[in-house]
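Working notes, structure below.
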Amino acid sequence: MTKQALSPEIGRVVAVDATQVVVELSKDLKALAASTFEGASEVGRINSYIVIPTGAHRVVGMVTRVVMSEETQLRADQMTLSLPAAKRHLYATLIGTIEGGSFVQGVSAFPVLDAPTLLASKSDLTSIFGSISEESPPEPDKPGFCVPIGSSAVFREYDVLVNPDVFFGKHVAILGSTGSGKSCSVATILQSILEVESVQNATFVVFDTNGEYRAAFAKGEERDSRFRTLYLPSDPLQPSDRLVIPYWFMDSEDFCRLFRASEGTQRPVLVEALGRARSGATPSDKRKWFLDSLRIELNNLLGALAEQKSSLDVYTLANGLAQFMESESDLSSEVLGSRHATVTSIATGIAQQALPHVGEYNGRPSYNLSLPAPVRVSSQSKIQEVLEAILGISRQETKNGGLMTADSPSFFNKGLFLGQHMEQALRMQPGAEGRTREYCSTMLMRISRLLGDRRFDFLFGPPEDEWPAPLHSLAAFLRDILGLPSKSKRLSDADEVEEGVLPFYDRQRQGVSGRRNIIIVDLSLLAAEVLENIIALLGRLILEFLQRASDASVSGIGRGKLPVVLVLEEAQNYIRESRQLNEPSVSRDVFERIAREGRKYGLGLVVASQRPSELSKTVLSQCNSFVVHRLQNPEDLRYFREIVPAIFEPLLKQLPSLPQRYALVLGEGVRAPTLTYMREATPIPDSQDPKLYAHWTAKDPALPDVEAVCARWEGKNLEGVGESPPESTPAEGAPRADTIEAPPDEEVPF
């Protein structure tokens, strides 16, 4: 065989643009194969690589198309025709450059016409894919591409490696139609990280809306001992382990979204009630609550007088203040002393002056018929004096305390919130009290319903009981949800918190010695009515904690020193792209904020979805790496093409035909765009395709214990329900019928 026959050259460049080249293949290649010193190689295989020398660089292209055309040659005298000449052309997308043996994405020097085109040699492929050095482990500060997630679909001997800092730190989207292997890819990527021997402190929080990831990180076998997993079920019949998120962790925006408070009247009432409730969180805060409430009411009244509001507004505010002073007369006399009588007389006098000027229409107070209140300036000056005195008392009593607002995650009594603080907030709103109450009636009914619904016990606790306010409850919850070890000395031994009431507090109080790497938050049994709110609450708490932990003087570590990755399964269910102007979505707002700002604080996202067209475009556009399985829906394909750079468009044409477990991996987290055969997840998630035909043809198929399933669903025990099918046995790991328990003499409709 001649030296020419062993040359890696396969053709010449005949066209170049900013994204791809066209190569005319050599006529010496009788078939799409070539022999080189390294052996026989295929030429023009889709997703393979070519190399084009360009000065000191070697430009790398990924093959996306091969065509053959026939051209009829016409002689100069135009009298005779020669036989057709066949030409074969190869189209390749330019993806990167090899410089000094290292591959980098992007092209700065483009090939010229007639440049020779070469097959990628083994050294070129090593530069493109890289390799894992067994002798020298990755440097912690600069790990590079060190974690294998699969192998090249074309060159199976080469692993596809990701850079964990970029792949997770700059967010990754894992997309694919149902059944394409998306869930297994999520599981195998996380498993690949945890298989690295030096990885001990990873934190992945999985929001599992389908209840399928527990199986992928289950314990019990020696090979799975690397998974240090915390599983938080949403099943109310697992009280000692279940997910519990106390309502006082929510901020005012969470409450407004959950209770669907309208902007006009309901929202201000709800926010003021929350501020009052949090200020009076415990009996020891009663004085502070009173001072804060009195300051708010005096400021409202002073503002109405200064702005010359109508007599109806002034009367409502003054009369509400007088009633407040009367209802809290003992506490007012204790805190204010002689000023108690002064404030009461001021409020009563202003109300009496304003009342004759309040107009009525059909027996009800009317703004249109009310005149400005004729209140003397002296009353305003007295109010100002009282305000200054109150501020002085507040500063003296709370000089070492923090500022309590409606957004503070501090405990408040839910019974007093609805029965006392909401009433005070309604009374203090400008306008007729009856009208304000009428406008807020639907919200009040909604609050009462949610507080009394047993489906929401994990959030509000049992309707008939009041949750305790244990010391450091927020810290215990965050340690639990982030898999951090306990710091039991911070938890008070005197806390009267019964075991099972707050499971996260129990775990921290009992002591957790080591880190948990995988925290699986099972959301599969949560009511759809609150799913979006709960996921948004969890995401916001983690983000705001990491933001506050960035202050090294407080946390002792500094910004980005506690990296956390949130895995959002079926993300299209709660991070939807807005189809209408001003369509509200609290979870979309939270995760768009995380996508934009989370990287600065060490918070990364893994966004998994089977419908990218329904996902927030903001979240997807912030993802710098993509693992894309088969996508067949035209709308999903069009939407995804708008997200990724246009240079990859020729590669995306193969997405509808990808087999299971194959994925196109591209972005900053990998060395080069690659069609990847994903590693097998071991164990796999509980998301296998159903074996319909095997069940149809089985002589004695396993049947479910319907009574046991329904009893667990209803929250009942099984006594007297009926007999179990004699021939069926529970699946491995499934709860036995005789072990299902519920609270005695109590039904939990779920």
Is at least one residue of the range 277-298 under 30 Å from ALA469 (Cβ atoms), at pLDDT 80 or above, surrounded by 21 or more Cβ atoms within 10 Å (Cβ to Cβ) and not basic (Lys, Arg)? yes
One residue from GLY604, GLY539, GLY598 being closer than 26 Å to SER180 by Cα and buried (at least 19 other Cβ atoms within 10 Å of the Cβ): GLY604
What are the residues in the range 636-693 that are closer than 17 Å to GLY179 by Cβ, crowded, with 21+ Cβ neighbours inside 10 Å and charged (D, E, K, R), if any? ASP636
Just the residues that are assigned to a loop (DSSP other than H, G, I, E, B) and either modelled with pLDDT of 85 or more or surrounded by 11 or more Cβ atoms within 10 Å (Cβ to Cβ) (or both), please, taken from the range 85-114. GLY106, VAL107, SER108, ALA109, PHE110, PRO111, VAL112, LEU113, ASP114
Just to be sure before I move on: is LEU526 crowded, with 18+ Cβ neighbours inside 10 Å, out of contact with any Lys or Arg (no Cβ under 6 Å at 6 or more places or on another chain) and over 22 Å from VAL166 (Cβ atoms) in the structure I sent? yes
Need a quick list: helices (runs of 4 or more DSSP H) entirely within the range 595-672 having at least 3 residues that are farther than 27 Å from VAL154 by Cβ, under 21 Å from the mean Cα position of the chain (by Cα) and modelled with pLDDT of 90 or more. 617-621
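To keep it simple, each residue is scored yes or no on (1) within 30 Å of GLU668 (Cβ to Cβ); (2) part of a strand (DSSP E or B); (3) among the charged types (D, E, K, R).
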{"site": "VAL166", "(1), (2), (3)": "yes, no, no"}
{"site": "VAL186", "(1), (2), (3)": "yes, no, no"}
{"site": "SER192", "(1), (2), (3)": "yes, no, no"}
{"site": "PHE227", "(1), (2), (3)": "yes, no, no"}
{"site": "ASP235", "(1), (2), (3)": "no, no, yes"}
{"site": "PRO239", "(1), (2), (3)": "no, no, no"}
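Take ARG287 and tell me if it is basic (Lys, Arg) and under 24 Å from GLY415 (Cα atoms).
Spelling it out, ARG287 is indeed basic (Lys, Arg) and under 24 Å from GLY415 (Cα atoms).
The values are calculated or read from the model by the stated rules, or taken from the named source; none is laboratory data. In this text, all values refer to a predicted model and were calculated from it rather than measured experimentally. Reconstructed Cβ throughout: ideal geometry from the backbone, glycine too, with neighbour counts over all protein chains shown.
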